[in-house]
Amino acid sequence: MTDGPTTAKVSKGDIVHVDYDAYIAESGMLFDTTNADKAKEAGIFNENLTYKPMPVLVGGGRVFPGLDEALAEAKVGERTTVEIPPEKAAGARDPKLVENIPLREFFRQDIRPEVGMEVNIKDRVGTVVAVTNRMVRVDFNRRFAGAALRYEFTVLDKIEDAVAKALAICEMDYETSEGFRAVVSPDKVTLYLPDVCKYDPKWLLSKYKVVADLREVFGRVDVELVEEYLKKEEKPTEEKPTEEKPTEAQAKAAEEKAPEEL
């Protein structure tokens, strides 16, 4: 008698695709999901986001520590629920990070503050919690600080193919792998970049994360980022057929025949 198929286990360093729903544990409010229909039902749908399973480098620090730990113990295909305490999520809440800022500071930046608005003021990002005639109360704590979170997730697969891993890292760090091509050898990873990377300022920041994660996954390899400037192929011009000129004998015969056709 043979054993049935075993469920693949996930471990640190794996790149996996994760389908998840994230809730604030106390209220049960859904605040993030990979499912567009659930986002619409909860009133949190964002048309600028793409709702699909998310690639994650397990143990790479790209998600909350508590979720990272749960992923490293998960099994492919099994639905898992984990509640994450604040210290392993967004951290403890610091009352000192809630500040009153003069309203004029916002007007100088042409900002009309409203409760719940996320603002960047004095090079810090915070959330407006109150507005008066003179002052604006802004919470500079990290989003969900002090809150326990609950994740319900399924690891859909582990990416095994080397090229697929490289492209998944692009999607993870740059939010898309569209247009990228990868060539992977034992000591080198070459990424051929799409044209958008030539002028996208977001790529200038993302490429350092991409390189770091490629080395995390493939070891101490050389990483080559290639911008291609390909010569455009010129379309051949269609030559019009040239009319053959009649010979002298043909022209003379035509002249002699012409009166008969009048």
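The values are calculated or read from the model by the stated rules, or taken from the named source; none is laboratory data. Worth saying up front: this structure is predicted, and the values here are computed from it rather than measured. We place every Cβ from the backbone using ideal geometry, glycine too, and count neighbours over all the protein chains shown.
Can you tell me how many residues within segment 75-118 are more than 23 Å from Ala147 (Cβ to Cβ), in a loop (DSSP other than H, G, I, E, B) and of a type in the set (A, V, I, L, M, F, W, C)?
2
Asn120 is checked against (1) more than 30 Å from Val10 (Cβ to Cβ); (2) polar (S, T, N, Q); (3) surrounded by 12 or more Cβ atoms within 10 Å (Cβ to Cβ) and fails just one. What number does that condition carry?
The one condition Asn120 does not meet is (3).
Give me a count of the residues in segment 146-178 that are over 30 Å from Thr7 (Cα atoms) and under 13 Å from the mean Cα position of the chain (by Cα).
Final tally of qualifying residues: 2.
Please work out which residue is surrounded by the most Cβ atoms within 10 Å (Cβ to Cβ), limiting yourself to segment 23-43 and to residues that are more than 21 Å from Lys158 (Cα to Cα) and in contact with a helix residue (DSSP H, G or I) (Cβ under 9 Å, 6 or more places away or on another chain).
Among those residues, the one meeting the criterion is Leu30.
Among the residues of segment 36-52, is there at least one that is within 16 Å of the chain's Cα centre (by Cα), closer than 22 Å to Ala166 by Cα and not in a loop (DSSP other than H, G, I, E, B)?
The answer is no, given that none of the residues of segment 36-52 is within 16 Å of the chain's Cα centre (by Cα), closer than 22 Å to Ala166 by Cα and not in a loop (DSSP other than H, G, I, E, B).
Considering only residues that are of a type in the set (Ser, Thr, Tyr) and outside the structural domain of Asp21 (by TED's automatic domain parsing), look in segment 116-153 and name the one that is nearest to Val82 (Cα to Cα).
Thr127
I'd like the residue in segment 200-220 that is touching a helix residue (DSSP H, G or I) at 6+ places or on another chain (Cβ under 8 Å) and among the aromatic types (Phe, Trp, Tyr) and, out of all such residues, is surrounded by the fewest Cβ atoms within 10 Å (Cβ to Cβ).
In this case the residue turns out to be Trp203.
Considering only residues that are modelled with pLDDT of 95 or more, farther than 14 Å from Leu57 by Cβ and out of contact with any strand residue (DSSP E or B) (no Cβ under 6 Å at 6 or more places or on another chain), which ones fall in segment 161-175?
Correct list: Asp161 only.
Under 6 Å by Cβ, and 6 or more places apart or on different chains, what pairs join a residue from segment 92-113 that is surrounded by 10 or more Cβ atoms within 10 Å (Cβ to Cβ) with one that is among the charged types (D, E, K, R)?
Val98/Asp139; Asn100/Arg137; Leu103/Arg134
If a residue has to be modelled with pLDDT of 95 or more, farther than 24 Å from Cys170 by Cβ and in a loop (DSSP other than H, G, I, E, B) to count, how many in segment 7-25 make the cut?
Residues that pass the stated criteria total 1.
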